[in-house]
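Written below as structure tokens is the structure these notes are about.
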Amino acid sequence: MLQQYETFNVETNGVTINGIKGGSGPPLLLLHGYPQTHVMWHKVIDQLSERFTVVATDLRGYGDSSKPEGEADHSNYSKRVMAKDQVEVMRELGFDEFYLVGHDRGARVGYRLALDHPERVTKFVALDIVPTLLMYEKTDMTFARYYYHWFFLIQDAPYPEELISQNPEYFLETNLIKLARYQSINESPFSVKAYQEYLRCFQLPKAIHAMCEDYRAGASIDLVHEKEDLVANRKIQCETLVLWGEKGVVHHCFEPLDEWRKFATHVQGKALPCGHFIPEEVPELLLEELLGFLEG
């Protein structure tokens, strides 16, 4: 998919980051979520590339990017390290400052990037998350039931890796469909080609381990960094747009704007009539919101 875009592999921060680039205009970095790849932007990237020079990468541990063995403290999958990957990719491509849009795990990398490298981010958009620390602190039974993978993937290696590897296609499908069922979506928002790409990358043993490490970092070292931010009253300084699905878990379990104001100074946002997978469920509505915010 997306063969019309230039493919690149950038050696950075001890790993190789895979991605695509295309279009013209100010630079815009797109970061995907779990358990997907940069392909998740396929319904919006063509329109965005008419206004922006779009860069869409595979995060460390995902897609065709490197998947290093996790360190004992999971620090090489911290969002701080993953954000640095993206800063170095953009610098290598010639972009010192850029717009940033992230979904799910990509949004977590995104807000860490905006916090650690404020001079790099012109505007930031987070899709269907609230900050990790606040999600853990306010976990209830509904959240734990539908985001069960947050608690399964963080178990010590190799327990989740071994179980998932027995039938990765089943785990991927049920992981995606469980969220869709919660959202009362009758038809899958994923195209056949996109799903096949997600499966191709997800079923690799190194990818399974890397994704677990991403979540283990989220439940350990990332929380340390976010607590430090709160103590220091360190917030995202650029304009920030938060969008979430009104049929999703985030909408039903949290007050997104209230939570984001603890981490961002200039935040606005709204719910969209969809579930978690916003770019694939309501691409037209997302484009309208993105263009209005980024070009406003």
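Here are the numbers for the structure shown:
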item	result
Test result for H74, under 17 Å from R105 (Cα atoms), in contact with a His (Cβ under 7 Å, 6 or more places away or on another chain) and crowded, with 18+ Cβ neighbours inside 10 Å	no
Boolean, V249 is among the aliphatic types (A, V, I, L, M) and within 28 Å of V39 (Cβ to Cβ)	yes
Residue within segment 127-140 that is in contact with a strand residue (DSSP E or B) (Cβ under 6 Å, 6 or more places away or on another chain), buried (at least 20 other Cβ atoms within 10 Å of the Cβ) and either aromatic (F, W, Y) or modelled with pLDDT of 95 or more (or both) present	yes
In segment 38-88, residue farthest from the chain's Cα centre (by Cα) [restricted to those that are more than 21 Å from Y198 (Cα to Cα) and among the β-branched types (V, I, T)]	T53
T122, sole failed condition from (1) over 21 Å from R261 (Cβ atoms); (2) in contact with a Pro (Cβ under 9 Å, 6 or more places away or on another chain); (3) of a type outside the set (F, W, Y); (4) surrounded by fewer than 22 Cβ atoms within 10 Å (Cβ to Cβ)	(1)
Neighbours by Cβ (under 6 Å, 6+ apart or cross-chain): first from segment 144-169, closer than 17 Å to R105 by Cα and outside any loop (DSSP other than H, G, I, E, B); second modelled with pLDDT of 95 or more and of a type outside the set (A, V, I, L, M, F, W, C)	F152/P160
Cross-chain or 6+ apart pairs with Cβ under 7 Å, segment 271-296 first and more than 15 Å from S49 (Cβ to Cβ), then among the charged types (D, E, K, R) and assigned to a helix (DSSP H, G or I)	C274/E281; G275/E281
V39 being closer than 23 Å to E213 by Cβ, crowded, with 19+ Cβ neighbours inside 10 Å and in contact with a helix residue (DSSP H, G or I) (Cβ under 8 Å, 6 or more places away or on another chain)	yes
Enumeration of residues in segment 250-282 that are touching a His at 6+ places or on another chain (Cβ under 9 Å) and either farther than 23 Å from M40 by Cβ or surrounded by fewer than 22 Cβ atoms within 10 Å (Cβ to Cβ) (or both)	A271
Breaking point among (1) surrounded by fewer than 21 Cβ atoms within 10 Å (Cβ to Cβ); (2) over 20 Å from M40 (Cβ atoms), for L291	(2)
Cβ-Cβ under 6 Å pairs, at least 6 apart or on other chains, segment 71-100 side farther than 17 Å from L31 by Cα, far side among the polar types (S, T, N, Q)	H74/S220
Qualifying residue in segment 35-51 (condition: closer than 14 Å to G19 by Cβ, small (G, A, S) and in contact (Cβ under 8 Å) with a residue 12 or more places away in the chain)	yes
Matching option when the condition is among the basic types (K, R) and within 15 Å of Y111 (Cβ to Cβ), among K193, K227	K227
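The values are calculated or read from the model by the stated rules, or taken from the named source; none is laboratory data. Being a predicted model, the structure only gives us computed values, none of them experimental. Virtual Cβ from ideal backbone geometry, glycine too; neighbours counted across all protein chains shown.
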